[in-house]
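Asker: After the structure tokens below, expect a handful of questions from me.
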Amino acid sequence: MTTSVAYCPALFLTAPASNQGKTTITAALARYFTLQGKRVRVFKTGPDYLDPQILAQASQQPVEQLDIWMAGEDYCQDKLYQAALEADLILVEGAMGMFDGEPSSADLAARFGLPMVIVMDVKGMAQTAAALATGLAHFRQDVSVVGLIANRCGSERHAQLIRDALPSDLPLLASLKRDEEVSLPERHLGLVQAHEVSHELEEKFQAAVAWLESSEDKALLSLPKAVAFSSSNKKTSSHSIPQSLQGKTIAIAKDEAFSFIYDANLVTLSSLGANYVFFSPLRDQDLPAADALWLPGGYPELHAQGLAENHAMKAAIQDFYQSGKGILAECGGMLYSLESLTDLEEKTHPMLGILTGQGAMRGKRGCQGMQTAVLPQGEVRAHAHHRSRSANTPTPVAHGRRQRHPAPGEAIYQSRGLIASYLHLFFPSNPEAIGQVFLGNSASMDEAC
């Protein structure tokens, strides 16, 4: 079988740890090359909802997840190949540190031949930064590291000390000064959602482009070498997925309270034959006409009072639940489904009450990690990331299976057509199971209640 190949310049931005400035610099590069008339496709490794929103606004193109464990090698390979067919530059932002996780950013880069650039916050060190970068670059022979970006440099002398200490095969691509004007806004689960601060982000991007251009080292401002991306030649198109949701409409909660929605999940719904419409649990008075309902994650704790006071919407969703139609409630959506939610100010608000139990925020400590959601309909790859707890909930029908730990993962509940859990599901990992979730099965669900 002949393998199709496409060529496109590409860079994988990684770091020795989190909070080194990867997202800021990836967004700056995306906007810089977009302003040069280039079409930039950005990918984010691992499960992340907030960074892709920022990167999509910066690149003015959709941003998707790449994760070998969550999506599979063939899926990642085809996403890169499809991007290479249309883009002038592919940027991939890593997660955590370069070698953290299984699979790690380095594993992904090695598998697809992506050249890596190390982003490092060099505040408080000079030659040591060069030593750390050299160690990372040579830790594995199957990874190609093409340079270092020194973030938060104090001066040109600071940059020169790092530059002189680097080996000849690891150049300093950029030395970026400390500049709070380019820092991205954050809140307790990470970055703020892009649509909340879109105007502010535009100002940040403008400042970030000037920030890149101010570096004494200009190599980062030229397109990197092209990389060969090949098709997996596997049947991953919508034609290979059963059209189990043909003619069905999925109503999806989407507003300031609910927005943790992978674009890949929407594509999967379409590939299953479904139509989808968005609605706002905060502002709308009724549900759109729909055959199933998706309550994704988000920040219901920041909008608990508004959710509680929208009695018309609560009644509409309660009626929908009583019908036995399929409902998927993930994390924030599950909190909304409970009887009450206590917010960050320790105020308790009545929620939907379609799932027994109470939710409450718990400060900065939280749960996160990759898990397989062992649903009654089939196994779906997923992740958890929350800083709340639930109490007095029903007996779970199953628990998530942790990626690298034998302890039970997040509880999975079902009641009538409702499937609820703290887990965020990645639909492409098992489209058939997702189709069954949204079809619902009121008779079998009633037996489980």
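Asker: If I ask for residues that are part of a loop (DSSP other than H, G, I, E, B), of a type outside the set (A, V, I, L, M, F, W, C) and open to solvent by 40 Å² or more (accessible area, probe 1.4 Å), which ones from segment 394-421 would you list?
Answerer: Passing the criteria: P394, T395, P396, Q403, R404, H405, P406, R416.
Asker: Answer yes or no: is there a residue in segment 111-122 that is buried (at least 22 other Cβ atoms within 10 Å of the Cβ), in contact with a helix residue (DSSP H, G or I) (Cβ under 6 Å, 6 or more places away or on another chain), without any contact (Cβ under 8 Å) to a residue 60 or more places away in the chain and farther than 30 Å from D255 by Cβ.
Answerer: Yes - at least one qualifying residue is present in segment 111-122.
Asker: Just give me the residues in segment 288-327 being closer than 20 Å to V437 by Cβ and among the small types (G, A, S), in sequence order.
Answerer: A289, A290, A292, G297, G298, S323, G324, G326
Asker: Of all the residues that make up segment 1-26, how many are small (G, A, S), at pLDDT below 95 and closer than 27 Å to T134 by Cβ?
Answerer: Number of matching residues: 2.
Asker: While we're looking at this one, here's another question. Pairs only if they're at least six apart or on different chains, beta carbon under 8 angstrom, first in segment 156-179 and more than 14 Å from I118 (Cα to Cα), second open to solvent by 50 Å² or more (accessible area, probe 1.4 Å) and part of a helix (DSSP H, G or I); list them, first residue then second.
Answerer: Correct list of pairs: L161/Q127; A165/Q127; A165/A131.
Asker: So, one more: Name the one entry in Q82, Q36 that is open to solvent by 10 Å² or more (accessible area, probe 1.4 Å), of a type outside the set (G, A, S) and in contact with a strand residue (DSSP E or B) (Cβ under 9 Å, 6 or more places away or on another chain).
Answerer: Criteria check complete, one pass: Q82.
Asker: Name the strands (runs of 3 or more DSSP E) wholly within segment 38-134 that hold at least 3 residues that are at pLDDT below 95?
Answerer: So the answer is 64-66.
Asker: Just need a number here: residues in segment 42-55 that are open to solvent by 30 Å² or more (accessible area, probe 1.4 Å) and either in contact with a Pro (Cβ under 9 Å, 6 or more places away or on another chain) or among the aliphatic types (A, V, I, L, M) (or both).
Answerer: 0
Asker: Another one. Could you grab the pairs with beta carbons closer than 7 Å, sequence gap of 6+ or different chains, first residue in segment 341-363 and farther than 16 Å from A391 by Cβ, second one of a type in the set (S, T, N, Q) and open to solvent by 40 Å² or more (accessible area, probe 1.4 Å)?
Answerer: Short answer, once both residue conditions are applied: L352/Q318; I354/Q318.
Asker: Quick one: in segment 169-199, of everything that is at pLDDT 60 or above and assigned to a strand (DSSP E or B), which residue is most open to solvent (accessible area, probe 1.4 Å)?
Answerer: Checking each candidate, the answer is K177.
Asker: Could you tell me how many of the residues in segment 74-110 are of a type in the set (G, A, S) and without any contact (Cβ under 8 Å) to a residue 24 or more places away in the chain?
Answerer: Total satisfying the criteria: 1.
Asker: Here's another thing I want to ask about it. When you go through K325, K347 one by one, which is the residue that is of a type in the set (K, R), farther than 24 Å from Y49 by Cα and in contact with a Gly (Cβ under 8 Å, 6 or more places away or on another chain)?
Answerer: Sole residue among the options that is of a type in the set (K, R), farther than 24 Å from Y49 by Cα and in contact with a Gly (Cβ under 8 Å, 6 or more places away or on another chain): K325.
Asker: Give C367, C449 a once-over and let me know the one that is of a type in the set (A, V, I, L, M, F, W, C), at pLDDT below 95 and open to solvent by 50 Å² or more (accessible area, probe 1.4 Å).
Answerer: Going through C367, C449 in turn, the sole match is C449.
Asker: Being open to solvent by 20 Å² or more (accessible area, probe 1.4 Å), over 24 Å from K234 (Cα atoms) and out of contact with any Leu (no Cβ under 9 Å at 6 or more places or on another chain) is true for just one of D88, D100. Which residue is that?
Answerer: D100
The values are calculated or read from the model by the stated rules, or taken from the named source; none is laboratory data. Fair warning: this is a prediction, and the values are worked out from it, not measured in the lab. We place every Cβ from the backbone using ideal geometry, glycine too, and count neighbours over all the protein chains shown. These area figures cover heavy atoms from the full protein model, side chains too; ligands, DNA and RNA do not enter into them. Shrake-Rupley method; radii C 1.70, N 1.55, O 1.52, S 1.80 Å.
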